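The values are calculated or read from the model by the stated rules, or taken from the named source; none is laboratory data. Fair warning: this is a prediction, and the values are worked out from it, not measured in the lab. Here the Cβ positions follow ideal geometry from the backbone for every residue, glycine too, while neighbour counts run over all protein chains shown. Note: areas computed on protein heavy atoms with side chains; ligands, DNA, RNA excluded. Shrake-Rupley method; radii C 1.70, N 1.55, O 1.52, S 1.80 Å.
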Amino acid sequence: KALEDYGQKSLFEDVEMPLLPILAEMELEGIHLDGDKLVDYGYELEGQLAGIEKEIYELVGHEFNIASTKQLQEVLFVERRLKPGKKTKTGFSTDVGVLEELAREDPVPARILRHRSLAKLKNTYVDTLPLLRDKAGRIHPTFVQTGTATGRLSCRDPNLQNIPIRDEEGRRIRSAFSSRAGHLLVSADYSQIELVVLAHLSQDKALCEAFRSGIDVHRRTAGLIFDCADEEVSAEQRRIAKTINFGVMYGMSAFRLSNELGIPRGQAQDFIDRYFATYSGIRSFMDELIEETARRGWATSLLGRRRPIPAINSSNKTERAAAERIAVNTPIQGSAADIVKLAMLRLDRVLNGQKGSGSAAGSGRLLLQVHDELIFEVVENEAEALAALVKTEMEGAVELSVPLRASVETGRTWGDVH
């Protein structure tokens with residue numbers, strides 16, 4: 001009755017429950033991991049970490065425990081006389097945000113950040129993943145349907161969703177995940193799905209037109225913000241536009257944007273103002289969304305998934321601002337999660353219908369879901385047919401007012417296809 005009262009019955013019966021056996025099959029199937037590759041990479045990382053430690057000690061003039069917050073506070077704020085930021089119970093903070101700020105003035109915080117990043121990768125993935133393999137060398141993560149407030153699937157034991165996407169270190173880790181002999185991996189992910197959802201929900205004319213015409217939306221945004229033709233946009237201008245395009249959905253402030261881009265706060269605010277002048281429909285959509293969420297106390301996704309946001313009516317300004325950011329992001333991220341789940345259901349039906357039928361992609365098995373990406377394993381000579389099938393089914397998962405696009409790649413390892 002509660003499901004009916006809240007309009008969640010179809011979401012439960014037609015999406016979440018049919019997804020359960022698909023996730024169970026993915027967990028049982030697992031994915032092959034080449035442990036030797038990671039062991040070798042672990043030795044490399046050890047060497048890199050030792051090199052960074054040496055650089056830090058030379059800059060500081062003595063050795064200290066880099067992992068000790070107390071000793072780091074002493075080095076940064078007493079010895080190097082850097083301006084401290086926020087205060088915690090144990091003294092001034094040395095978290096990522098603070099170190100990023102300090103890295104503009106001094107080389108030590110930048111190296112501390114690099115050391116932390118590599119040490120975390122080594123401890124979390126490189127040293128740990130080989131220990132989690134079964135006798136066949138496969139890893140079996142657990143997928144959780146109830147782990148996030150937006151409806152996104154989460155992954156644990158191990159969590160494969162947090163392997164860095166943009167840098168070489170993440171690619172090296174993903175390269176250890178491989179297909180079995182005679183097979184290939186097929187990776188398909190939605191192109192800029194959250195921006196596509198934002199265009200659909202906001203109906204902003206400029207953003208919708210960019211997606212309908214199939215042009216590079218970050219280049220188009222840069223052209224509009226910097227008042228130049230798309231073909232004149234520089235790589236740096238595109239990078240700024242891309243950061244703003246994605247940051248806006250998470251309520252990125254001028255302070256945060258200035259940190260991300262390494263520019264003055266006034267310039268960051270100017271970019272944000274120009275963005276909303278360019279995409280005025282997005283500003284109106286966000287304002288209406290916040291107003292509606294404040295009135296009813298919850299936000300909802302495309303398929304009707306509710307997220308209560310009581311803090312949106314808080315008298316505390318900071319709490320209320322955080323709740324407003326959640327109110328804007330939930331329908332976008334939640335709807336993207338809905339679409340990925342619909343695609344998984346659709347693909348499962350098609351692939352099950354083809355198993356044993358002698359069809360061109362009948363051996364395809366879904367192994368992993370990582371946010372907007374689906375990873376399959378398939379017999380080598382069926383890879384091309386599966387890639388075409390996956391692209392068609394993903395792009396047809398739901399009908400929006402702007403086209404959904406999926407990019408598909410095949411390769412021996414996960415690192416080859418991302």
If you scan the stretch 389-414, which residues turn out to be part of a helix (DSSP H, G or I), touching a residue at least 12 places away in the same chain (Cβ under 8 Å) and open to solvent by 50 Å² or more (accessible area, probe 1.4 Å)?
Lys391
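A quick yes/no check of all residues on (1) under 30 Å from Leu345 (Cβ atoms); (2) exposed (fewer than 14 other Cβ atoms within 10 Å of the Cβ):
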| site | (1), (2) |
| --- | --- |
| Ala24 | yes, yes |
| Ile31 | yes, no |
| Leu38 | no, no |
| Arg81 | no, yes |
Of Leu185, Leu207, which residue is in contact with a helix residue (DSSP H, G or I) (Cβ under 8 Å, 6 or more places away or on another chain), in contact (Cβ under 8 Å) with a residue 60 or more places away in the chain, of a type outside the set (Ser, Thr, Tyr) and outside any loop (DSSP other than H, G, I, E, B)?
Leu207
I'd like to verify a number: residues in the stretch 292-312 that are polar (S, T, N, Q) and not in a helix (DSSP H, G or I), how many?
2
So, Ala24, is that one part of a loop (DSSP other than H, G, I, E, B) and either in contact (Cβ under 8 Å) with a residue 24 or more places away in the chain or under 27 Å from Thr128 (Cα atoms) (or both) or not?
no
Considering only the stretch 279-312, state which residues are among the hydrophobic types (A, V, I, L, M, F, W, C) and in contact (Cβ under 8 Å) with a residue 12 or more places away in the chain.
Ile282, Phe285, Met286, Leu289, Ile290, Ala294, Ala299, Leu302, Leu303, Ile309, Ala311, Ile312
Those residues that are part of a helix (DSSP H, G or I) and more than 18 Å from the chain's Cα centre (by Cα), I need them from the stretch 227-239; list them, please.
Asp230, Glu231, Glu232, Ala235, Glu236, Gln237, Arg238
Could you tell me whether the stretch 252-275 includes any residue that is outside any helix (DSSP H, G or I), open to solvent by 20 Å² or more (accessible area, probe 1.4 Å) and of a type in the set (A, V, I, L, M, F, W, C)?
yes
Every pair of residues 6+ apart whose Cβ atoms lie under 7 Å, when the first sits in the stretch 225-248 and is touching a residue at least 40 places away in the same chain (Cβ under 8 Å) while the second is open to solvent by 50 Å² or more (accessible area, probe 1.4 Å)
Ile225/Arg274
When you scan the stretch 57-82, how many residues do you find that are over 36 Å from the mean Cα position of the chain (by Cα) and part of a helix (DSSP H, G or I)?
3
Selection status of Ser315, part of a loop (DSSP other than H, G, I, E, B), among the small types (Gly, Ala, Ser) and free of Cβ contacts under 8 Å to residues at least 40 places away in the same chain
yes
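Residues are listed down the side, and each one gets a yes or a no for (1) buried (at least 18 other Cβ atoms within 10 Å of the Cβ); (2) closer than 30 Å to Asp5 by Cβ; (3) of a type in the set (S, T, N, Q):
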site: Ala241; (1), (2), (3): yes, no, no
site: Ile244; (1), (2), (3): yes, no, no
site: Val248; (1), (2), (3): yes, no, no
site: Arg283; (1), (2), (3): no, no, no
site: Trp298; (1), (2), (3): no, yes, no
site: Pro308; (1), (2), (3): no, yes, no
site: Ala311; (1), (2), (3): no, yes, no
What are the pairs with Cβ atoms under 8 angstrom where one residue, in the stretch 148-161, is open to solvent by 20 Å² or more (accessible area, probe 1.4 Å) and of a type in the set (Ser, Thr, Tyr) and the other, located anywhere, is at pLDDT below 95 and in a loop (DSSP other than H, G, I, E, B)? Sequence gap at least six, or different chains.
Ser154/Gly147; Ser154/Thr148; Ser154/Gln161
Search the stretch 83-100 for residues being part of a loop (DSSP other than H, G, I, E, B) and open to solvent by 80 Å² or more (accessible area, probe 1.4 Å), and hand back the single one that is farthest from Lys120 (Cα to Cα).
Lys83
